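Here is the structure we will look at, set down as structure tokens.
The values are calculated or read from the model by the stated rules, or taken from the named source; none is laboratory data. Everything quoted here is computed from the prediction, not taken from an experiment. Quick reminder, even Gly has a Cβ in these numbers, built from the backbone with ideal geometry, and neighbours come from all protein chains shown.
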Amino acid sequence: MQRFDLIIIGAGSGNSIIGPEHDDMDIAIVERGLFGGTCLNVGCIPSKMFVYAAEIAELARRGPDLGVNTRFDGADWPAIRDRVFDRIDPMAEGGADYRRGLDNVTVFAHDARFVGPKELQVGDDTITADTIVLAAGARAFVPPIPGIDTAGAHTSDTIMRVDTLPERLIVMGGGYIAAELGSVFGSLGSDVTYLMRSDTMLRAQDHDISSRITRIYGDRFTTHTDVFIEQVRRDGDELVVDLRGVGEVRGDELLVASGRIPNGDQLGVAETGVAMDDAGYVITDEFGRTNVDGIWALGDIGNPVQLKHVANHEARVVAHNLTNPGALQAMNHDLIPTAVFSHPQIGSVGLTETQCQEQGLDYTAHVQKYGSAAYGWAMEDTESICKLIMDNGARKLLGAHIMGPQAPTLIQQLIQGMNFGQTVDEMATGQYYIHPALPEVIEQALLEL
């Protein structure tokens, strides 16, 4: 059995743990896939590169409405795809090569599973260490629907690398992955059909956001809500989804966007004594420690939020705590912002109005339209909104929810104000808002409160 000082399982955010302070440690990195993890290879980065191309297509369609002679004549899908992955793939390879070139790091490019207390089977080797970091992430969930495994369905891991743009794409799901990737393919020319179990898209969002995005997507695409999928099958070159009480939906490709589940079960963490909750997430304390001394966890394997900026924060905290056991830092999971790069885009932080109601809070909510500000008016924007929710006693924001162009950027100033404990009045009047830029929508919403 080979012994190390530190084993890191997962080369996404876990890879960033290693710094100069670890130069005297003998370290093993275990990664069964590509360096960079979900975000770099099949998640945030490639999907947003596709989103940007799709936004250009939508702008081309919009030009004539503003007197500009642009039009969308179709997409060169292979060129778009190759632009994305010709840039990303070398980064993953370069990351692995860099780690292999370090004298104190050994890279195991294999699947791994615990076979005993702090004993990890990696390929033909068994390795151990007193200190282990679980950063093995999560995987796409494919529901157990008859035929789905043999019909050639895609997940977000594979759909972005298809050879041709599907003429008809069926999207199973109504969460952020479905909203983003379905919109990308639709903007680039696919005929998109959504199949959703619930009656709204993005149901975790504030109701004013989810109801609007559901209506907007219903106008753009074919949507079936409250559906039960009986089976998935192939009929020649066509993929067929049978819906109870509705009939069949036919397409060329199927994207299964039913969420992601943590990899703790595949890693066999129970064999080393690490506890998981009922949903399969590794349980940690505020410092990133599991219930087993010397075993830490970070990112999607232990946090159901499953956001890269959260995993990066947790990696920084764990990196500090590994080398500073006498001065542990706690993870800060307050005010975690989210963004959905749908069309239109969404940025959100804090409580939704429904959550405020469930908690019995005394609050005021206000919805401000983009079109009320000069730039929104210039854009002739009739759909986009900024919704703010204020605690009536403290006059501080409980939540902020923006849907429209630049929403993930516009939300940042509100995140900062909430983080520093500013009141609505201080945010509204304590600084200049550039006229006639879009942040004036934020200013107007704050002033209304």
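Consider residue 13 against the criteria (1) surrounded by 19 or more Cβ atoms within 10 Å (Cβ to Cβ); (2) free of Cβ contacts under 8 Å to residues at least 24 places away in the same chain: it satisfies all of them except one. Which criterion is unmet?
Here residue 13 meets the rest and fails (2).
Quick one: count up the residues across segment 323-347 that are surrounded by 18 or more Cβ atoms within 10 Å (Cβ to Cβ) and under 21 Å from residue 299 (Cβ atoms).
The initial filter retains those residues of segment 323-347 that are surrounded by 18 or more Cβ atoms within 10 Å (Cβ to Cβ), namely 331, 337-347.
Right, trim to under 21 Å from residue 299 (Cβ atoms) and you get 331, 337-341.
Summing the residues that are surrounded by 18 or more Cβ atoms within 10 Å (Cβ to Cβ) and under 21 Å from residue 299 (Cβ atoms) in segment 323-347 gives 6.
What single numbered condition from (1) within 25 Å of residue 292 (Cα to Cα); (2) in contact with a His (Cβ under 7 Å, 6 or more places away or on another chain); (3) not in a loop (DSSP other than H, G, I, E, B) fails to hold for residue 58?
So residue 58 meets the others, but not (1).
Taking residue 434 as the residue in question, decide whether it is surrounded by fewer than 21 Cβ atoms within 10 Å (Cβ to Cβ), of a type outside the set (S, T, N, Q) and more than 25 Å from residue 212 (Cα to Cα).
On the way: surrounded by fewer than 21 Cβ atoms within 10 Å (Cβ to Cβ): yes; of a type outside the set (S, T, N, Q): yes; more than 25 Å from residue 212 (Cα to Cα): yes.
Yes: the conditions hold for residue 434.
Please list, ordered by residue number, the strands (runs of 3 or more DSSP E) wholly in segment 138-242 having 2 or more residues that are more than 19 Å from residue 261 (Cβ to Cβ). Walk me through it before giving the result.
On the way: elements: 138-140, 168-172, 191-195, 222-224, 229-235.
Ranges flagged: 168-172, 191-195, 222-224, 229-235.
Does residue 242 fit the bill of being over 22 Å from the mean Cα position of the chain (by Cα), free of Cβ contacts under 8 Å to residues at least 40 places away in the same chain, crowded, with 16+ Cβ neighbours inside 10 Å and over 29 Å from residue 110 (Cβ atoms)? First the steps, then the outcome.
Working: over 22 Å from the mean Cα position of the chain (by Cα): yes; free of Cβ contacts under 8 Å to residues at least 40 places away in the same chain: yes; crowded, with 16+ Cβ neighbours inside 10 Å: yes; over 29 Å from residue 110 (Cβ atoms): yes.
Considered against the rule, which asks whether it is over 22 Å from the mean Cα position of the chain (by Cα), free of Cβ contacts under 8 Å to residues at least 40 places away in the same chain, crowded, with 16+ Cβ neighbours inside 10 Å and over 29 Å from residue 110 (Cβ atoms), residue 242 comes out as yes.
What pairs can you find where one residue is in segment 106-120 and surrounded by 16 or more Cβ atoms within 10 Å (Cβ to Cβ), the other is of a type in the set (Ser, Thr, Tyr) and not in a strand (DSSP E or B), and their Cβ atoms are less than 9 Å apart, with a gap of 6+ or different chains?
What qualifies is 114/272; 118/272; 120/272.
Looking for something more than 27 Å from residue 111 (Cβ to Cβ) and at pLDDT below 95 - is there at least one such residue anywhere in segment 38-53?
Of all residues in segment 38-53, those more than 27 Å from residue 111 (Cβ to Cβ) come to 48-53.
Imposing the further condition that a residue be at pLDDT below 95 reduces the set to none.
So far as segment 38-53 goes, no, none of its residues is more than 27 Å from residue 111 (Cβ to Cβ) and at pLDDT below 95.
Condition first: aliphatic (A, V, I, L, M), buried (at least 23 other Cβ atoms within 10 Å of the Cβ), in a helix (DSSP H, G or I) and under 21 Å from the mean Cα position of the chain (by Cα). Can you find one or more residues in segment 249-269 that meet it? Explain how you work it out, then say what you get.
We begin by selecting, within segment 249-269, every residue aliphatic (A, V, I, L, M); these are 249, 254-257, 261, 267, 269.
Narrowing further to those that are buried (at least 23 other Cβ atoms within 10 Å of the Cβ): 254-257, 267, 269.
Add one more test, that the residue is in a helix (DSSP H, G or I), and what stays is 267, 269.
Subsequent filtering for residues that are under 21 Å from the mean Cα position of the chain (by Cα) retains none.
No, segment 249-269 contains no residue that is aliphatic (A, V, I, L, M), buried (at least 23 other Cβ atoms within 10 Å of the Cβ), in a helix (DSSP H, G or I) and under 21 Å from the mean Cα position of the chain (by Cα).
Quick one: is residue 147 touching a Gly at 6+ places or on another chain (Cβ under 6 Å), surrounded by 15 or more Cβ atoms within 10 Å (Cβ to Cβ) and on the phi > 0 side of the Ramachandran plot? First the steps, then the outcome.
Values: touching a Gly at 6+ places or on another chain (Cβ under 6 Å): no; surrounded by 15 or more Cβ atoms within 10 Å (Cβ to Cβ): yes; on the phi > 0 side of the Ramachandran plot: yes.
No.
Would you check which residues across segment 73-87 are assigned to a loop (DSSP other than H, G, I, E, B) and either of a type in the set (Ser, Thr, Tyr) or touching a residue at least 40 places away in the same chain (Cβ under 8 Å) (or both) and list them? Please lay out each step first, then the result.
So the first thing to find is which residues in segment 73-87 are assigned to a loop (DSSP other than H, G, I, E, B), and the list is 73-76.
Those that are assigned to a loop (DSSP other than H, G, I, E, B) and either of a type in the set (Ser, Thr, Tyr) or touching a residue at least 40 places away in the same chain (Cβ under 8 Å) (or both): 74, 75.
Which residue out of 355, 368, 359 is on the phi < 0 side of the Ramachandran plot, modelled with pLDDT of 95 or more, surrounded by fewer than 23 Cβ atoms within 10 Å (Cβ to Cβ) and more than 24 Å from the chain's Cα centre (by Cα)?
Details: 355 fails: more than 24 Å from the chain's Cα centre (by Cα); 368 fails: surrounded by fewer than 23 Cβ atoms within 10 Å (Cβ to Cβ).
Only one candidate passes the filter, namely 359.
Give 279, 315 a once-over and let me know the one that is within 30 Å of residue 150 (Cα to Cα) and either at pLDDT 95 or above or touching a Phe, Trp or Tyr at 6+ places or on another chain (Cβ under 7 Å) (or both).
Values: 315 fails: within 30 Å of residue 150 (Cα to Cα).
Exactly one of 279, 315 is within 30 Å of residue 150 (Cα to Cα) and either at pLDDT 95 or above or touching a Phe, Trp or Tyr at 6+ places or on another chain (Cβ under 7 Å) (or both), namely 279.
Identify the single condition in (1) more than 20 Å from residue 178 (Cβ to Cβ); (2) without any contact (Cβ under 8 Å) to a residue 60 or more places away in the chain; (3) of a type outside the set (D, E, K, R) that residue 52 does not satisfy, given that it satisfies every other one.
(1)
Of everything in segment 295-348, what is assigned to a loop (DSSP other than H, G, I, E, B) and either touching a Lys or Arg at 6+ places or on another chain (Cβ under 9 Å) or among the β-branched types (Val, Ile, Thr) (or both)? Give them in sequence order.
Those that are assigned to a loop (DSSP other than H, G, I, E, B) and either touching a Lys or Arg at 6+ places or on another chain (Cβ under 9 Å) or among the β-branched types (Val, Ile, Thr) (or both): 305, 306, 328, 329, 336, 341, 343, 344.
Let me confirm something: among 220, 215, 203, which residue is under 24 Å from the mean Cα position of the chain (by Cα), within 23 Å of residue 38 (Cβ to Cβ) and not assigned by TED's automatic domain parsing to the domain that holds residue 62?
Details: 220 fails: within 23 Å of residue 38 (Cβ to Cβ); 215 fails: within 23 Å of residue 38 (Cβ to Cβ).
Sole residue among the options that is under 24 Å from the mean Cα position of the chain (by Cα), within 23 Å of residue 38 (Cβ to Cβ) and not assigned by TED's automatic domain parsing to the domain that holds residue 62: 203.
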